[in-house]
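Student: Can you keep this structure in mind? I'll have questions shortly.
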Amino acid sequence: MKTLFISHKPPYPIVDGGCHAMDRMLRDFILAYPEAVISYVYFETEKHPGNRKKIPQEIKKNVDFIGIPISTKINPLSAFIHLFNNKSYNVSRFVKGNIKKQIELLLSQNEFDIVLFESIFSGGYIDDIRCISNAKLVYRAHNIEHKIWEDLSKGEKNPLKKWYLRHLSRKLKSFELQFLNKIDLIMSISKLDQSYFKNHTSTRSTYIPVSMKIHSIKMMHNGSLCFLGAFNWLPNKEAMIWFVDNVFKELSNKFPTLTLEIAGSFSNEITSISEKSNVHLHGFVESSKEFIAMNGIFVAPLLSGSGVKMKVLEAMSLGVPCVLSSKAAEGLALPEIIPVCQNKADFIEKLSILLLDKELCEKIGKAGQEFIETEFSSELVSNKIIDSLNT
C-alpha cells in the first residue's frame with residue numbers, strides 16, 4: 001500500500017500534543033500495514049521548523065520524510081483582504097506554491113492508494129490532489145477546528161478581538177465543512193467529534209482513538225500541581241491564566257506551601273503568571289513523562305478547545321491523578337472516580353480533598369491507567385485503522 005501523509009507541521013520533535021498524536025498515528029499505521037510505502041510531507045514554519053535528527057530511527061526506516069519550508073507569519077495586509085473575501089485566513093497562510101509543486105510531483109511519480117491529511121490546515125490542497133489522483137482521501141481529525149475559535153471568541157472580553165475571533169471561526173467553519181464533504185473518510189480522534197461529523201457532513205466517519213502506552217514511573221506526592229502543554233495553542237494559554245488567577249490563588253491561602261509547576265514550549269506567552277507566588281515556569285522539557293510524574297496532581301482546566309487532549313491521556317498512562325475541566329474531559333468516557341470540574345468552586349473543592357488524601361490520589365491514578373490500557377492500546381487502534389480502510 002502506497003500512502004502519502006500531509007501535515008501542516010513536522011511530527012518531530014514532539015513539542016506538543018498534536019505532534020504526539022501524529023507520532024502515534026504513524027506508528028499505528030505502520031503496525032497495521034508493515035509493508036506500506038509511506039511518504040510524509042510536512043510544512044516547516046517559523047513556529048515549527050522541525051529537526052530531522054529527532055525522527056526516531058525505527059520510524060525513519062519506514063517513512064520518506066519531505067520537509068518544505070514556508071512562512072506562515074501573519075501579514076496585516078493579507079489579513080485585511082481576507083476580511084472581504086470568502087477564504088479562511090487561518091488556512092490560506094498554509095497554501096503555498098512550492099508545496100503545491102512538491103505534492104503534484106509526488107502524485108505524478110507515484111500511484112498512491114491513500115492520501116491522509118493530518119490537519120485541516122493541510123486541506124488547502126485537496127482540490128489539486130483530487131484532480132490528479134484517484135487515491136482514497138482520508139482526514140485524521142484531531143478536533144473540530146472552528147469550534148476552538150468559537151470558544152475563544154466567547155471568552156474574549158475585548159469587543160474588537162471578540163468580533164475578529166468570531167469572524168475567523170465563521171470563515172474557518174465554512175472551509176472546514178466544505179473540506180469534510182470532499183474527503184472519503186474521516187478518522188476522528190474523539191467520539192464526541194465523530195458524532196458532529198456524522199450529523200453535519202455526508203462523509204463516512206469513524207472513531208479511531210489515539211494510542212497511548214502504559215508507563216511505569218513512580219509518581220511523587222510532593223504537594224504540588226502541574227500542567228504541561230504548548231502555549232502557542234491559545235486554549236492552553238487561556239486555561240493557565242484563568243487557573244492561576246482564580247483557582248490557585250484561593251488554594252494557596254489554604255495550602256501555603258503548594259506550588260504550581262508549568263512546562264511546555266512557548267512559555268514566553270505566559271511569563272506574566274510566573275510573577276505570582278509559588279508558580280514556576282519550566283519551559284520546554286525533554287521528558288514530558290518525567291515532568292508529569294515528578295510534580296504531583298495533573299490539572300487540565302481548559303475552557304475552550306476540541307478533540308481529545310493528549311497530555312491528559314499521557315498523564316493517565318503514567319498513573320498520575322488528574323483533575324479536569326468538563327472541556328478537557330470532552331470525548332472521554334472516564335471512570336467516575338476521576339474528578340471533572342464544572343467551575344472554579346469544583347476545582348477548589350476537589351483539589352483540596354486530593355491534596356490531603358494520598359490514598360485517593362493513588363486510586364484515581366490507577367483508574368486512569370486502567371482506562372488507558374483498555375481503550376487506547378496500539379493493537380486496538382491499528383485494528384480499527386485496518387477495518388476503516390477496508391470498508
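Student: Please work out if Ile292 is in a helix (DSSP H, G or I), in contact (Cβ under 8 Å) with a residue 40 or more places away in the chain and not assigned by TED's automatic domain parsing to the domain that holds Pro13. Lay out the reasoning, then the answer.
Tutor: Values: in a helix (DSSP H, G or I): yes; in contact (Cβ under 8 Å) with a residue 40 or more places away in the chain: yes; not assigned by TED's automatic domain parsing to the domain that holds Pro13: yes.
For Ile292, the condition - in a helix (DSSP H, G or I), in contact (Cβ under 8 Å) with a residue 40 or more places away in the chain and not assigned by TED's automatic domain parsing to the domain that holds Pro13 - is met.
Residues are listed down the side, and each one gets a yes or a no for (1) within 28 Å of Ile74 (Cα to Cα); (2) of a type in the set (A, V, I, L, M); (3) not assigned by TED's automatic domain parsing to the domain that holds Met310:
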| site | (1), (2), (3) |
| --- | --- |
| Ser7 | yes, no, yes |
| Val15 | yes, yes, yes |
| His20 | yes, no, yes |
| Tyr42 | yes, no, yes |
| Glu46 | yes, no, yes |
| Gln57 | no, no, yes |
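Student: Right, something else. Residues being in contact with a Phe, Trp or Tyr (Cβ under 7 Å, 6 or more places away or on another chain) and free of Cβ contacts under 8 Å to residues at least 60 places away in the same chain: count how many of those fall in the stretch 344-386. Let's see the steps before the verdict.
Tutor: Applying the first criterion (in contact with a Phe, Trp or Tyr (Cβ under 7 Å, 6 or more places away or on another chain)) to the stretch 344-386 yields 355, 385.
Adding the requirement that they be free of Cβ contacts under 8 Å to residues at least 60 places away in the same chain leaves none.
Going through the stretch 344-386 one residue at a time, the tally reaches 0.
Student: Out of curiosity, is Leu260 among the hydrophobic types (A, V, I, L, M, F, W, C), crowded, with 16+ Cβ neighbours inside 10 Å, farther than 26 Å from Glu379 by Cα and not assigned by TED's automatic domain parsing to the domain that holds Leu318?
Tutor: Considered against the rule, which asks whether it is among the hydrophobic types (A, V, I, L, M, F, W, C), crowded, with 16+ Cβ neighbours inside 10 Å, farther than 26 Å from Glu379 by Cα and not assigned by TED's automatic domain parsing to the domain that holds Leu318, Leu260 comes out as no.
Student: Would you list the strands (runs of 3 or more DSSP E) that sit entirely within the stretch 154-253 and hold 2 or more residues that are in contact with a Gly (Cβ under 6 Å, 6 or more places away or on another chain)?
Tutor: Answer list for the stretch 154-253: 224-228.
Student: So, one more: Having 1 or more residues that are modelled with pLDDT of 95 or more and of a type in the set (S, T, N, Q) is the bar; report the strands (runs of 3 or more DSSP E) wholly within the stretch 1-84 that clear it.
Tutor: 2-7, 37-44
Student: It is to be established whether one or more residues within the stretch 311-333 are out of contact with any Lys or Arg (no Cβ under 9 Å at 6 or more places or on another chain) and of a type in the set (Asp, Glu).
Tutor: no
Student: What do you reckon, is Val312 assigned by TED's automatic domain parsing to the domain that holds Leu228, part of a loop (DSSP other than H, G, I, E, B) and β-branched (Val, Ile, Thr)?
Tutor: So Val312 fails the test.
Student: Kindly evaluate Cys322 against the criterion of being in contact with a Gly (Cβ under 7 Å, 6 or more places away or on another chain) and either modelled with pLDDT of 95 or more or surrounded by fewer than 20 Cβ atoms within 10 Å (Cβ to Cβ) (or both).
Tutor: yes
The values are calculated or read from the model by the stated rules, or taken from the named source; none is laboratory data. Just so we're clear, the structure is a prediction, and the values are computed from it rather than from any experiment. FYI the Cβ positions are ideal-geometry reconstructions off the backbone, even for glycines, and counts take in every protein chain you see.
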